[in-house]
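Below is one structure, written out as C-alpha cells; the observations come after it.
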C-alpha cells in the first residue's frame, strides 16, 4: 500500500495498544484501514479526519460495492472491514471529534451460512497418513533427521490437540505446564477471548505428552506446574530446544511455527496442499456432530459465542453423502 498512515489513524491504532489488543488483531485493523484510505485517495478524498467525516452514505456504499463486485470479497470479509471502519468512527464520536458518520447508516450484506466444502476437512485416511509421516524419517534432510527424535512426540501431541480435542492454534500454542494436569488426565485451555475450559485426554495421549517433555534436555526443560510454555521452539542450528535467557524460561513455540510444521508434514505425507490447523478443527467438530454430540454442549466445549457458530457445521452434516460420512469416521 502506497499511502502513509495519517495521524487520525495512528491515534486510533495507539488506542488499541492501550486497550491491550493482540498484535495480530492490530495488524489486521491497520491493513484494513490503510486499504480503505487507498480507496479514499483514489476518490480524491483528503486522508484526514475531515476527509473521513465528509464521506457520504452513497460513497460508503460505493466502497463496499467495489469490495463485493470488483474484488470478489466474501461477505464475511466485507463484514469484518465494516466492523473495523465502524469502530474507527465510534472512537472519534466518543472523543467528540465527529458527531456521526455515514458508516453507521450502511446496511451490511447478510451473512448467508454455507456448508463446508469437501476440501475444508480431512478424511480418516488423510489423518492416518499425516500421523504416520510425523513418526517417520521419510523425506527429511540429514540435519532434520538428527533433530527428529526430539520433535516426533511434540509434533504428534500438537496434531492430536487439533484433530482429536478441537483445540484452536491459539489454545495449543499458549498452553503452559500448569495447564497440563498429568495426574488428572486433563488439560486446561484458554481461548483468545480468555475463556477457560477443561479438556479430558486419554491415557495414551497423556503419556505421549509426558514423553515429549522428557525428550527435552533437563537444562532447558519447562518446569512442571509453572507458567513455562508447554510447547517449546526448536533451534535446528544448535540441535536443541530454545531458551529465553532474559525471561529465564524456554521459548514458546509460536502459532506461525506450528502452521509451518503442519505445512511441512502435510507436504511430506503427499497430501493435498492447503491442509491446515483449521481443517483439523473442522474435522473434529464434524465428527462430534456426526456421532450425535449435543450442539449446545459442543458450543460450550469449544467456547463458541452462540449456536450460530455451529450452524455451518450442522448444515454440512445434513448434506454429507454416505461415502463422506464414512470418510470422516
The one condition residue 183 fails out of (1) over 25 Å from the mean Cα position of the chain (by Cα); (2) assigned to a helix (DSSP H, G or I); (3) in contact (Cβ under 8 Å) with a residue 40 or more places away in the chain is (3)
When (1) within 30 Å of residue 314 (Cα to Cα); (2) free of Cβ contacts under 8 Å to residues at least 40 places away in the same chain are applied to residue 130, the one that fails is (2)
Any residue at all in the range 244-264 that's assigned to a strand (DSSP E or B) and surrounded by fewer than 18 Cβ atoms within 10 Å (Cβ to Cβ)?
yes
Scanning the range 220-242 for residues that are touching a strand residue (DSSP E or B) at 6+ places or on another chain (Cβ under 6 Å) and in contact (Cβ under 8 Å) with a residue 24 or more places away in the chain gives 220, 222, 227, 228, 229, 230, 232, 234, 241
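Regarding residue 38, is this residue farther than 30 Å from residue 316 by Cβ, more than 30 Å from the chain's Cα centre (by Cα) and outside any loop (DSSP other than H, G, I, E, B)? Spell out how you get there, then give the answer.
On the way: farther than 30 Å from residue 316 by Cβ: yes; more than 30 Å from the chain's Cα centre (by Cα): no; outside any loop (DSSP other than H, G, I, E, B): yes.
For residue 38, the condition - farther than 30 Å from residue 316 by Cβ, more than 30 Å from the chain's Cα centre (by Cα) and outside any loop (DSSP other than H, G, I, E, B) - is not met.
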Of the listed residues (103, 93, 60), the one being out of contact with any helix residue (DSSP H, G or I) (no Cβ under 8 Å at 6 or more places or on another chain), in a helix (DSSP H, G or I) and either at pLDDT 95 or above or more than 27 Å from residue 309 (Cα to Cα) (or both) is 93
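Run down 122, 84 and say which single residue is assigned by TED's automatic domain parsing to the domain that holds residue 156, within 28 Å of the chain's Cα centre (by Cα) and surrounded by 16 or more Cβ atoms within 10 Å (Cβ to Cβ). Please lay out each step first, then the result.
Details: 84 fails: assigned by TED's automatic domain parsing to the domain that holds residue 156.
Answer to the check: 122.
From the list 193, 206, 214, which residue is loosely packed, with under 13 Cβ neighbours inside 10 Å, out of contact with any strand residue (DSSP E or B) (no Cβ under 7 Å at 6 or more places or on another chain) and touching a residue at least 24 places away in the same chain (Cβ under 8 Å)? Don't jump to the end; show me each part of the working.
Working: 206 fails: loosely packed, with under 13 Cβ neighbours inside 10 Å; 214 fails: touching a residue at least 24 places away in the same chain (Cβ under 8 Å).
After ruling out the rest, the residue left standing is 193.
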Here the residues within the range 269-283 that are surrounded by 19 or more Cβ atoms within 10 Å (Cβ to Cβ) and in a helix (DSSP H, G or I) are 277, 279, 280, 281, 282, 283
Residue within the range 156-168 that is modelled with pLDDT under 95, surrounded by fewer than 17 Cβ atoms within 10 Å (Cβ to Cβ) and either assigned to a helix (DSSP H, G or I) or within 14 Å of the chain's Cα centre (by Cα) (or both) present: no
Note to self: Checking the structure you have, find out if any residue of the range 42-57 is touching a residue at least 12 places away in the same chain (Cβ under 8 Å), outside the structural domain of residue 174 (by TED's automatic domain parsing), in a helix (DSSP H, G or I) and within 30 Å of the chain's Cα centre (by Cα).
What the structure shows: no
Residues of the range 284-307 being free of Cβ contacts under 8 Å to residues at least 12 places away in the same chain, farther than 18 Å from residue 190 by Cα and assigned to a helix (DSSP H, G or I), in sequence order, are 296
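The values are calculated or read from the model by the stated rules, or taken from the named source; none is laboratory data. These numbers come from a predicted model, not from an experiment. Neighbour counts are summed over all protein chains in view; Cβ atoms, including those assigned to glycine, are modelled from backbone coordinates with ideal geometry.
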